[in-house]
Amino acid sequence: MQGLVWVWLGTSLGALAQPTLVTPVAAVAQAQTQAALPVEAFFRDADVGEALLSPSGKRLALTTAQGGKRYALFVYDLTTPGQVIQVANFSNADVRGVTWLDDARLLFSALDYSEGSGTPNGAPGLFIVGADGNGLRALINRKAARVVAGSGASRALDWNHMVLSVPFPRAGEANDEIIIGKLQASADGGAPNVVPLVLNVNTGRTHNPGFNAPRGALAWKFNSKSEPRVVFTQDGNKRAAYWRGPADTEWRKLVEGDLISMPFTPHTVDDAGNLYVTRNEGPDGTRALVRYDFATNAPAAKVLVAPAGFDFSGSLILERGSGEAQGVRVVTDAETTVWLDETRKHIQTLADEKFPGRVNRISCRQCGQPDAIAMVWSYSDRDPGRLVLYRPNPAPGQAQWQGIAAVRAGLDPSAMARVGFQRIQARDGRDLPVWITSPQGVASGKPAPTVVLVHGGPWVRGNTWHWEPMAQFLASRGYLVIEPEFRGSAGYGDAHFKAGWKQWGQTMQDDVADALLWAQKQGIASDRACIAGASYGGYSTLMGLVRHPGLYRCGVAWAAVTDLQLYVSGSWWIGDDISELGRKYSLPELVGSADADADLIAKNSPILLASQIKAPLMLAFGEADLRVPLAHGTRLREALQKLGRDPEWITYPGEGHGWAKPETRLDFAKRVEQFLAKHLAAADPASASAAAKP
C-alpha cells in the first residue's frame, strides 16, 4: 500500500443504465417473457456454486449441481480443451468451501441441508482430493448422522476442528502443512476458544505450533505463509486484538473494546509485517481503512480508503506468494476495484469495455507472464453472473475470451428488473439509504403496487447492487420493491448504526414507512402496498401493521420476532441459540433491558399489540428455528385467533432461521405470490380497508 493515492469512490453503479450483456458464454439463455417466468427460475439452487483458478492458472475448480441433486466438484484442465474430471461427488452432502492446497490437490468441506436448515447438520469437516480425482479422504470428520461414504472418516480428526489458514504454495517447497483450529468451550459461556494446530495433510498428524496465544483466543489473522500476526480474544464483555510481528516473540495488545464495538479493528496483514485497520472517520463515523503505525502504537492519521457515505467494506488484494498489495476491492452501493498493479488494471479495463455496466471481478494467475490467465465473474443487478476466462496470449486454437458457465443457466437478464440506490431524508432529517427494484412493463408516470421488503439482522447491511432472488421475483410479478437501510443498519457509519439502538418499533419503524411515503410522493409507488420481511424484517412487518395501518394492505412475516420479552430475556423451557453474554451485555444496549426498559419492551412487542394488527397477515416459521423459536409464531397466531383474525399460517419441518431446501423456497414463494395477488389486486383502497377490519 506504499504510495497509494486515494480516489474517492463516489460512482454509483446502481444509477447507471444497464445494457444487456453481449456475452461470449456458449450457453446463452433463451429469452423468456416476463409473465412466463416460473418461481423455479428464482428459487432453485444456482448452477454454479464456487469457481477458482489453481495457483498456476492451469486448472479451474468448479462446483455445480447441474445434472445431479448435489453440488459436486469438477476440475477443468485449461491446457487441454474439453478435459473435465469430477473429483468429488457425494450422495448425501454438497461440496462447499473449496481451496487449492497446491496445483495438484484441493481441500473442501461438505454439508447436508436436505432435511432443512434447522436439522443438526453438524460441522462440515475437511477433505483432501487430487486434481485427478484420486486420493479422496477425510482430514476432519463431519459431525452428522450419516458420514460421507468412502471418505475415510474413521481416520480423521474429530469434527470440532476447523481450517484457519492454508499457506500459498511456493516453488520448490512442499505444501503439506496447514493451520487448523480446535474448538474448546470458553469458561464464560461465550464463543468457543480456537486453539491452533499444525496438520500434516499426508499423515493426518498434528502438533502444537507454539503460537502461545493470549487467553480466550477466538479468531486469527495470518499472512500468506500461514504465520500468525493477529489474534482476537474475548473475556466476558471485553474483546481485544493482539499483534505479533515478524521479529516479535510475544503478543502485545493493540486495542480493547466490548462485544458491540472497538475503537479500531485489525483488517489485513501482509508478508512484510504491515497491518491495516479500520477506524471511524468524520462526523458520521464511517469506517475507513488506514495503516497501523507501530511507532506511535496507533492507527495512522493518513486515510487510505474512505468511501463517501459508506463504511469501508472490501479487501486488500495481495499478490499470491509475495504478499504485496496489488489493489483494493471496495463495496459502496456496488463493488469497485482500484488496482495498483498496471497489468491487472489493464485487464480490468478490457473486461469493463467488453461487459459494460456490470461489475467485473477479476482474479489473475501468472499476471505479467506469457502464460497469464484471468477469470472474470461478470454480474449485475439483472444477472447473477457469468464466468469468463481471459488469456492475454492465447495458444493456437484457444480463444482470448472463453465463456465457462452461467451462475443460473436459462435466466435471461433482459427479463429481470433494474435495481437503483437512493439517499432520501427520514422525517427527522436523517440520511436514509433506500434500494428500489423497479418492475418492467409499468407505464411511465404510473405508480406500481408495492412491497416494502425489510431486511433482517437488524445490525447488518441489507443490500448491495446485485441480483437478489426475492426482490427480483416480486418485481417479476409487477411489484415495485422498496428496501430501506433503516437506522441501526450497518455499513453506513457509526452514527447511523447507533441511531437505531433501543429503537425497535420506533424511529427504525418510521424509516421503513418514510421510504414508502417518499416513493409514493415520487409517483413510483401506489397506495396499494404490503410490507414483508424475515427475522427482524418479520418483526418490522408486524410493527408496520401496528404503527402505520393506513400504509399497508397486508403483511408477510417469516421467522419473525413476535415476543420482544422472550427475545431479550429467553426462557428456560424454550431453547434458542442466543448466548448468555449476548443477553447480558449486547441486547440490553441494542434492544433494551428486560428490567430497566420493561415499558419500552412491552410497548413495542407485537404479541402484546395483536389487537392492533387488523390487516391480512401471512406467518411462516421453521419448526427447528433456534434463533427465533416456533413459540414466537404460535403465540402470535393464538392471540390473533382469539380476536377472530386467523392469519395464513405455514410451518416447515426441519427448517431453521431460513429456508435451505429448494422445495421449501418454492412452496413459500408460491404462497407469497398468491397472498400478495389477493390483497394487492384491488384498485380501490376502500375495498382493502374493509378487508382489513375484524
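The values are calculated or read from the model by the stated rules, or taken from the named source; none is laboratory data. From a predicted model like this one, the values you see are computed outputs, not experimental measurements. Note that each Cβ is placed from the backbone with ideal geometry, even for glycine, and that neighbours are counted across all protein chains shown. Each accessible area value is taken on the protein alone, full model and side chains, heavy atoms only, with ligands, DNA and RNA left out. Shrake-Rupley method; radii C 1.70, N 1.55, O 1.52, S 1.80 Å.
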Which whole-angstrom value gives the distance between the alpha carbon centres of the range 68-90 and the range 93-139? 14 Å
Could you work out the relative contact order of the range 270-362, using alpha carbon pairs under 8 angstrom and six or more residues apart, expressed as a whole percent? 17 percent
Treating the Cα atoms of the range 366-504 as identical point scatterers in vacuum, please give the log10 of the normalised Debye intensity I(q)/I(0) at q = 0.09, 0.10, 0.13, 0.16 Å⁻¹, two decimals. -0.43, -0.51, -0.73, -0.90
Among 285, 334, 315, the residue whose Cα sits farthest towards the positive end of the charge dipole of the range 277-347, when +1 is placed on the Cβ of each Lys and Arg and -1 on the Cβ of each Asp and Glu, is 315
In nm², what is the average projected area of the convex hull enclosing the Cα atoms of the range 566-649? 6.0 nm²
Roughly how many Å² of residue 143 are accessible to a 1.4 Å probe, to the nearest 10? 100 Å²
Alpha-carbon centroid distance for the pair the range 428-485 / the range 272-350, whole angstrom: 30 Å
Would you grab the residues whose amide H sits under 5 Å from the one on residue 408? Only those 5+ places off in sequence or on another chain, please, with H modelled 1.01 Å from N. 47, 385
Just the number, please: percent antiparallel of the DSSP beta bridges in the range 55-136, rounded to the nearest 5. 100 percent
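Once the other residues with Cβ under 11 Å from the Cβ of residue 251 are scored (Lys, Arg +1; Asp, Glu -1), what is the net sum? If you can, show how the numbers build up before the last one.
On the way: positive: 215, 229, 244, 252, 253; negative: 248, 250.
Net charge in that neighbourhood comes out at +3.
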Take the cross-link list 221/253; 603/678; 58/182 and give me the ones stretching past 22 Å between alpha-carbons. 603/678; 58/182
Out of all DSSP beta bridges with both ends in the chain, state the antiparallel percent to the nearest 5. 85 percent
Just need the relative contact order of the range 483-636 here, percent rounded to a whole number, with Cα pairs under 8 Å and 6+ apart. 24 percent
Here the relative contact order (percent) of the chain, from C-alpha pairs under 8 Å and at least 6 apart, is 11 percent
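If you take every residue apart from residue 372 with its C-beta less than 11 Å away from the C-beta of residue 372, what net charge results, scoring Lys and Arg +1 and Asp and Glu -1?
Details: positive: 344, 365, 391; negative: 371.
Overall, the nearby charge balance is +2.
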Using θ = phi - 60° and Karplus 6.51 cos²θ - 1.76 cosθ + 1.60, couplings along the range 216-233 (whole Hz; Gly, Pro as x): x, 5, 10, 8, 9, 10, 10, 8, 5, 8, 6, 8, x, 10, 10, 10, 9, 10
Magnitude of the Cβ-charge dipole (Lys and Arg +1, Asp and Glu -1) of the chain about the Cα centre, nearest 20 debye, reported as 540 debye
Show me 520-527, 555-562, 466-473 ranked by packing, highest mean number of other Cβ atoms within 10 Å first. 555-562, 466-473, 520-527
Extension reserve of the residue 345-residue 501 stretch, reckoned as 0.36 nm per residue once the Cα distance is removed: 52.0 nm
Run the simple label-point estimate for residue 174 and residue 670 please: 7 Å along Cα→C-beta, distance reported in nm. 5.6 nm
Inter-site label distance for residue 296 and residue 205 at 7 Å from Cα along Cβ, in nm: 5.0 nm
Using a cut-off of 12 Å between beta-carbons, work out the net charge of the residues near residue 322 (Lys and Arg +1, Asp and Glu -1, residue 322 not included). -2
Suppose each label sits 7 Å from its Cα in the direction of the beta carbon; what would the residue 77-residue 443 distance come out to in nanometres? 6.2 nm
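Which order do the peptides 250-259, 619-628, 359-368 take when ranked by the mean count of other beta-carbon atoms within 10 Å per residue, highest first?
On the way: 250-259: 15.7, 619-628: 22.7, 359-368: 19.4.
Peptide ranking by packing, descending: 619-628, 359-368, 250-259.
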Per the Cα gyration tensor, the range 261-313 corresponds to an equivalent ellipsoid with semi-axes, largest first in Å, of 19, 11, 10
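If each DSSP helix of 4+ residues adds -39,500 (n - 2.57) and the sum is divided by the residues in the chain, what number results at 222 nm, nearest 500 deg cm²/dmol? Kindly include the intermediate steps, with their values, before the conclusion.
Values: 12 runs with 112 residues, N = 694.
Using -39500 (n - 2.57) per qualifying helix, the result is -4500 deg cm²/dmol.
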How do 341-349, 408-416, 543-551 rank on mean C-beta neighbours within 10 Å, highest first? 543-551, 408-416, 341-349
Could you tell me which of 608, 491, 179 has its Cα farthest along the dipole of the chain towards the positive end, charges placed at Cβ (Lys, Arg +1; Asp, Glu -1), taken about the Cα centre? 608
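If R0 is 35 Å, what FRET efficiency do you get for residue 248 and residue 393 from their C-beta distance, rounded to 0.05? Please report the intermediate quantities before stating the final value.
Details: r = 44 Å, r/R0 = 1.25.
Computed FRET efficiency for residue 248 and residue 393: 0.20.
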With a Förster radius of 30 Å, plug the Cβ-Cβ distance of residue 182 and residue 103 into 1/(1 + (r/R0)^6) and report the FRET value to the nearest 0.05. 0.55
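For a distance above 48 Å, tell me the whole-number percent of Cα pairs in the chain that qualify.
On the way: 36192 of 240471 pairs.
Every Cα pair in the chain considered, those over 48 Å come to 15 percent.
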